[in-house]
1. Give the stretch 384-412 a look and list any residue that's of a type outside the set (Asp, Glu) and surrounded by fewer than 16 Cβ atoms within 10 Å (Cβ to Cβ), or say none.
2. Going through the stretch 288-338 one residue at a time, which ones are within 16 Å of ligand 2 (Cβ to nearest atom), on the phi > 0 side of the Ramachandran plot and surrounded by 17 or more Cβ atoms within 10 Å (Cβ to Cβ)?
3. Out of the residues in the stretch 98-116 meeting the condition of being surrounded by fewer than 24 Cβ atoms within 10 Å (Cβ to Cβ) and not in a loop (DSSP other than H, G, I, E, B), tell me which one is farthest from the chain's Cα centre (by Cα).
4. Could you look through the stretch 86-97, keep only residues that are buried (at least 21 other Cβ atoms within 10 Å of the Cβ) and of a type in the set (A, V, I, L, M, F, W, C), and pick out the one that is farthest from Asp317 (Cα to Cα)?
5. Only one residue in Tyr274, Tyr268 is in the same structural domain as Phe223 (by TED's automatic domain parsing), among the hydroxyl-bearing types (Ser, Thr, Tyr) and either within 14 Å of ligand 2 (Cβ to nearest atom) or within 17 Å of Asn194 (Cβ to Cβ) (or both), so which one is that?
6. Any idea which of Val415, Val449 is assigned by TED's automatic domain parsing to the domain that holds Ile486, surrounded by 21 or more Cβ atoms within 10 Å (Cβ to Cβ) and within 29 Å of Ala134 (Cβ to Cβ)?
7. Are there any pairs with C-beta distances below 8 angstrom linking a residue in the stretch 448-475 that is over 25 Å from Pro403 (Cβ atoms) to a residue that is acidic (Asp, Glu) and in a loop (DSSP other than H, G, I, E, B), with the two at least 6 apart or on different chains, and if so which?
8. Can you find even one residue in the stretch 162-179 that is modelled with pLDDT of 95 or more, within 21 Å of Arg121 (Cα to Cα) and among the polar types (S, T, N, Q)?
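The values are calculated or read from the model by the stated rules, or taken from the named source; none is laboratory data. Owing to the predicted nature of the structure, the values given are computational and were not obtained by experimental measurement. Cβ sites come from the backbone with ideal geometry, for glycine too, and all protein chains shown count toward neighbours.
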Amino acid sequence: MHTHLRFGLSALIATLALTLEASAESENSKPQVAYPGSFSRPPSEGEGYNTWLDAVNPDIGETKLDVARLPSRVDNSSRPQFPPIYKQKWGACGQFASVASIFTYEMNVLNGTIADSDATRFPAHFSWNMINNAENKGSEAYHGWEVAKRIGIPTAKSYGGVRHEKIGVWPNGYAIWREAMEYRVSGYRYSPANTIEQLYEARGWLYDRNQPQANQETIGGLFALDGRMGEREKVTVTIPEDEHEGGKKLWTHWGPSGYGHGITCVGYDDEVGYDVNGDGQITNDIDINDDGKITLADWERGAYVVVNSWGEEWANDGRIYLLYSAMIDPTWERGNYLGRVEVSRYKPRRTLKLKVACSDRTDLRMTIGIAGDKKASAPEHVLTPQAFNGWPLFRGSNAGHVPMAGPDDNTPLEVGIDLTSLFKDLGPDKDGKGKFFLQLSRADGSDAVGELLECAILSYDANGELLGKTQLDIQDGTFGESPRKIETVISDLDRK
Ligand SMILES: [Ca+2]
Ligand SMILES: [Ca+2]
């Protein structure tokens with residue numbers, strides 16, 4: 001009896017385990033959010049950091065739709081909201097994909113504009129110079145999207161172009177930083193496309209964001225991709241002339257070696273194919289990778305349309321096909337995810353305009369505080385802006401140990417910082433007066449020195465019109481061994 005019961009229990013447990021395994025597998029096949037590694041969100045924010053939290057649109061897999069609505073081909077790079085094919089400068093591919101291409105496209109879709117001039121295009125180098133250590137260093141797509149969340153991105157028009165002439169330069173001028181505040185990212189997500197269900201969701205995002213509108217075209221989204229590019233001649237083929245899209249270039253897999261390269265997925269074509277195993281036919285129902293199963297990994301037909309930042313001369317007008325099946329590559333974890341973004345517009349109501357010099361911008365420490373009582377000796381609420389505290393969010397990927405303006409440039413920099421959330425934190429006040437605190441210092445152990453030359457608090461109405469400006473009096477703005485504290489009574493707190 002005892003033995004029998006034990007056998008019965010272990011059989012039951014084995015059955016349960018199998019059921020759980022099967023349900024885990026089908027669970028894994030569904031469209032889903034993934035944080036595959038430190039390249040998909042800042043590790044400093046912890047495992048619980050939800051990068052879609054502030055987004056307003058449905059999350060991955062929340063809308064269930066009929067795949068029959070999907071056309072066989074989508075190419076969003078042919079839309080006027082998509083910027084030109086860029087030729088990247090330096091190792092800024094991640095930002096050419098995530099900001100100069102994807103953010104630009106999404107912002108134009110949101111604004112109902114087209115990306116036909118620098119006024120509606122966004123630079124690759126503004127966000128890149130926040131995280132590249134002021135060196136020619138690579139970046140991740142999320143770096144640009146986080147910069148857009150925390151600071152915003154100025155237009156290429158006010159920035160001075162999509163590219164900058166020098167590595168590590170920060171823009172000088174309050175108007176540029178103030179404009180950047182208006183163009184933001186509200187959320188971003190990574191997801192795998194390893195199964196047919198996940199592929200359908202991805203195609204749906206590219207076609208109509210999985211949010212079809214009745215009697216109205218929904219303009220689809222884009223994806224950031226990270227591809228392995230070493231020995232890519234081994235995986236680059238030309239589609240035979242008698243096939244659909246004959247003569248065009250196609251990647252059958254990611255390159256067999258090398259490092260990641262940020263590229264933009266702009267669409268798909270279900271008819272594009274290539275005879276990968278050389279059996280004389282293009283199939284999706286033959287086990288070509290010999291794993292005993294027929295899965296998306298065996299598909300020879302169906303490909304993403306990818307835009308590279310190597311100029312219009314590269315491949316087919318800067319574009320190439322990438323087989324759907326190439327996304328299933330256990331040897332290249334980084335490249336097997338699709339990154340999407342949601343953008344938003346924002347009008348700051350309070351800002352700080354500063355003119356500041358510092359010998360080491362990464363060692364600069366800036367705390368901005370406010371109290372509702374004009375006699376307060378300490379702030380009730382404080383703000384430590386990322387860019388002026390060494391980008392703690394990105395840890396080692398900061399703006400470099402160089403002066404404020406950039407390498408070998410001691411010019412004081414005029415910048416803007418959004419204070420809206422700080423003022424919102426204050427409750428109602430009876431006399432409308434409060435106290436403002438600004439402290440400038442340096443990181444522990446640093447020998448950085450600097451000087452605050454100008455400081456003003458600006459307020460705006462909901463449309464962005466300037467309502468008022470309080471210029472702070474600075475007798476001595478130097479800081480270094482000793483911190484510099486600026487305190488002043490402000491008198492228009494009730495102006496919300
Ligand atoms: Ca074949
Ligand atoms: Ca197979």
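1. Thr384, Pro392, Arg395, Gly396, Pro407, Asn410, Thr411
2. Gly302, the sole residue that qualifies.
3. Per the stated criteria, the residue is Asn111.
4. Filtering the stretch 86-97 for residues that are buried (at least 21 other Cβ atoms within 10 Å of the Cβ) and of a type in the set (A, V, I, L, M, F, W, C), the one farthest from Asp317 (Cα to Cα) comes out as Ala92.
5. Values: Tyr274 fails: either within 14 Å of ligand 2 (Cβ to nearest atom) or within 17 Å of Asn194 (Cβ to Cβ) (or both).
Criteria check complete, one pass: Tyr268.
6. Numbers: Val449 fails: surrounded by 21 or more Cβ atoms within 10 Å (Cβ to Cβ).
Among Val415, Val449, only Val415 is assigned by TED's automatic domain parsing to the domain that holds Ile486, surrounded by 21 or more Cβ atoms within 10 Å (Cβ to Cβ) and within 29 Å of Ala134 (Cβ to Cβ).
7. Short answer, once both residue conditions are applied: Ser459/Asp492; Gly464/Glu182; Leu467/Asp461; Gly468/Asp492; Thr470/Asp492.
8. Checking the stretch 162-179: at least one residue is modelled with pLDDT of 95 or more, within 21 Å of Arg121 (Cα to Cα) and among the polar types (S, T, N, Q).
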